[in-house]
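Student: A single structure is presented below for examination.
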Amino acid sequence: MQRGRPRLRERIQQRLRGEDPAADPGAGSQAADNGLPFDYRVRVLVEIQQDPDELALAESQLAAKGWPVRAPKPGEYAPGEVTPSYVPRIVEVRLIGAREGAAQHALHQVMDLSHARELALHVRDAALIQHRPDPHITWKVHPKRVLTPRERLKEWLGIDRGGTEEDPQPERVIRIPEDAPEADALAAAASHSPAWPPFDPLEHEVRPARINETSPMALVHCALAIAAVFLTEQAIRSMRRPFDTQWWLDARVLCIVGLTVHLAAGVKWIYLQSPSLRTVLPWALPVVLPTAFAAVPQVGQSVYSGYLSAFGLSGEVSAGAWPDGLIAGLWVSLAFLYGLIAGVGASGWVFRTTARSGSALSLTVVLGVYLGSAAGVFALANAVTDRAADSGDRALAAAKEYRTPGAYYGLKADFICVRPKEKDAPVYGGTLPADRPLLTFGPKGDRVSLWDPKTKRALGMRLEDASFVPAKSEHGKAVCPRTK
């Protein structure tokens, strides 16, 4: 401990004199290598009071924010402008956000930190770090021999040709100054070879690269995702009931299965190329799944609303039990999930087949994929709710004939005969008939909603204002029992 004190005192004295102390080779720069993401860097010139404690405190607080601190280099400050008894320092503030206004934002961030921590620090200047654009262009190595039509088609589609083990095709790009001739690109390719196979001037040549262009295969994969969503929507609309053998053997379903396998491979590519996704997914799924499981029955309310909309009773009827709501909501949730998988899978294939270097066409395709995914999600969910409305229409047609509709995910309808306890019992929505049965889906709280097949109107009343007698069935139709 005593041995380290002279060295520490010497380093502090060097800082007070404005000298940059020698870095310790055994210690890494935590502030410079903390791994925090950023978009822009701003160099801020600050002055810190020439006191060992104040200097150490200010530098530690700035470094704790992930901002490297160092002594300024010649030309970065004017010695005559530094406040007496203060020493200059350069702070590199790393920001996430827009380029416009980054310098002012960085300046205020340092000022806010100084005020919050009561640091003996003055902020003097801030400038965005900018670099000259890269003056190089890209050349790609190609085989000299004439390609076969099949190889030309694969090259146009962006499919990896690869060659054979004996004659592998080169996959190499070279950067040279943009005004340099082709001879310089050939010389650069022949002068060194980062990987096998080496450049052979007799077998290979160079051409300007098209690395920023989107492969037509990316558009093909997007089209396949659109086809998967479209076929799935049509299959949902034509489905009569779950596990219908004729429906499951439909040719569209076989195409959907094949397209789904293709999209699942695209999801795998996204998973493999995204380190953040591989890090987050293992702990995010156990958190999200219970929440989603609890939310699925609430999603099922949209299915019940679509079914009851045919009777004009949406929101007026208690839904089925929790397991029934879970099954009803599962169809909508699966539709949402499949639309999402279609978009993510297509984007995975776009990333797999396209150079992701920021070309306008690549960005347009990726943006279109995610917008299409959102459209696919809502299209499939809408198809499920439309199926619920179709089921409601079929139940309505049966109710018009005074036939009891079948149960729908725990939602059971019955015909009842209503006997008002008083002549002027309040009825909402119309007049209460006494000679014919009414359809009900059960009470909700202290009220019951009814539907009159003859007038095709929804009625409502309090349970305490009437007695309810189950209707009888005669020749398959509901009728009210005769009263004496």
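The values are calculated or read from the model by the stated rules, or taken from the named source; none is laboratory data. The structure displayed is predicted, hence computed values, not measured ones. All Cβ positions, even for glycine, are placed from backbone atoms using ideal geometry, and neighbour counts span all protein chains on display. Note: accessible area is taken over every heavy atom of the protein model, side chains too, but ligands, DNA and RNA are not part of it. Shrake-Rupley method; radii C 1.70, N 1.55, O 1.52, S 1.80 Å.
Student: Dipole of region 392-484 (Lys/Arg Cβ +1, Asp/Glu Cβ -1, origin at the Cα centre): which of Gly410, Gly445, Leu463 lies farthest to the positive side?
Tutor: Checking the options against the dipole of region 392-484, the answer is Gly410.
Student: In square angstrom, rounded to the nearest 10, how much accessible surface does Lys421 have for a 1.4 Å probe?
Tutor: Roughly 140 Å² of Lys421 is accessible to a 1.4 Å probe.
Student: Then there's this: Residues of region 417-453 with the amide nitrogen closer than 16 Å to a label point 7 Å from the Cα of Arg462, along Cα-to-Cβ, please.
Tutor: Within reach of a label on Arg462, which here means backbone N under 16 Å from a point 7 Å along Cα→Cβ, region 417-453 contributes 420-429, 444-449.
Student: Between Ile137 and Thr279, what is the spin-label point distance in nm, taking each point 7 Å from the Cα along the Cα→C-beta axis?
Tutor: About 3.9 nm, to one decimal.
Student: Take the Cα atoms of region 431-482, find their three principal axes, and give me the spread along each one in whole Å, biggest first.
Tutor: Computed over region 431-482, the largest-to-smallest principal extents equal 34, 21, 18 Å.
Student: At a probe radius of 1.4 Å, what is the per-residue accessible area of Leu36, in Å² to the nearest 10?
Tutor: About 100 Å², ignoring ligands and nucleic acids.
Student: With only alpha-carbon atoms counted, please give the Rg and Dmax of region 32-118, in Å.
Tutor: Just the Cα atoms of region 32-118 yield Rg and Dmax of 13.1, 37 Å.
Student: Using a 1.4 Å probe, how large is the accessible area of Arg394, given in Å² and rounded to the nearest 10?
Tutor: The accessible area comes out at roughly 130 Å².
Student: How far, in nm, would the chain grow between Arg117 and Ala223 when pulled straight, counting 0.36 nm per residue and subtracting the alpha carbon separation?
Tutor: Numbers: separation 106, 0.36 × 106 = 38.16 nm, distance 5.66 nm.
This chain segment gains 32.5 nm when fully extended.
Student: Work out how far the C-alpha atoms of region 53-98 reach from end to end along every principal axis, then list the three figures in whole Å, largest first.
Tutor: Its Cα atoms span 34, 28, 15 Å along the three principal axes.
Student: Suppose all protein chains stay in the model; what accessible area per residue would a 1.4 Å probe give for region 378-484, in Å²? Working shown, then result.
Tutor: On the way: 6020 Å² over 107 residues.
For region 378-484, the solvent-accessible area averages 56 Å² per residue.
Student: Ratio to report: Rg/Rh of region 274-423, with Cα atoms as the point set and Rh obtained by the Kirkwood method; give two decimals. The partial results should precede the final answer.
Tutor: Numbers: Rg = 21.7 Å, Rh = 18.5 Å.
Checking Rg against Rh, the ratio lands at 1.17.
Student: I've got another one for you. With a bin width of 10 angstrom, please list the P(r) values of region 260-349 as percents of all Cα-Cα pairs, from the 0 bin to the one holding the largest distance.
Tutor: Bin by bin from 0 Å, the calculated values are 16, 32, 29, 17, 7, 0.
Student: How would you rank 132-139, 85-92, 181-188, highest first, on the average number of other Cβ atoms within 10 Å across their residues?
Tutor: Details: 132-139: 12.1, 85-92: 19.5, 181-188: 14.9.
Taking the mean over residues of other Cβ atoms within 10 Å, the ranking is 85-92, 181-188, 132-139.
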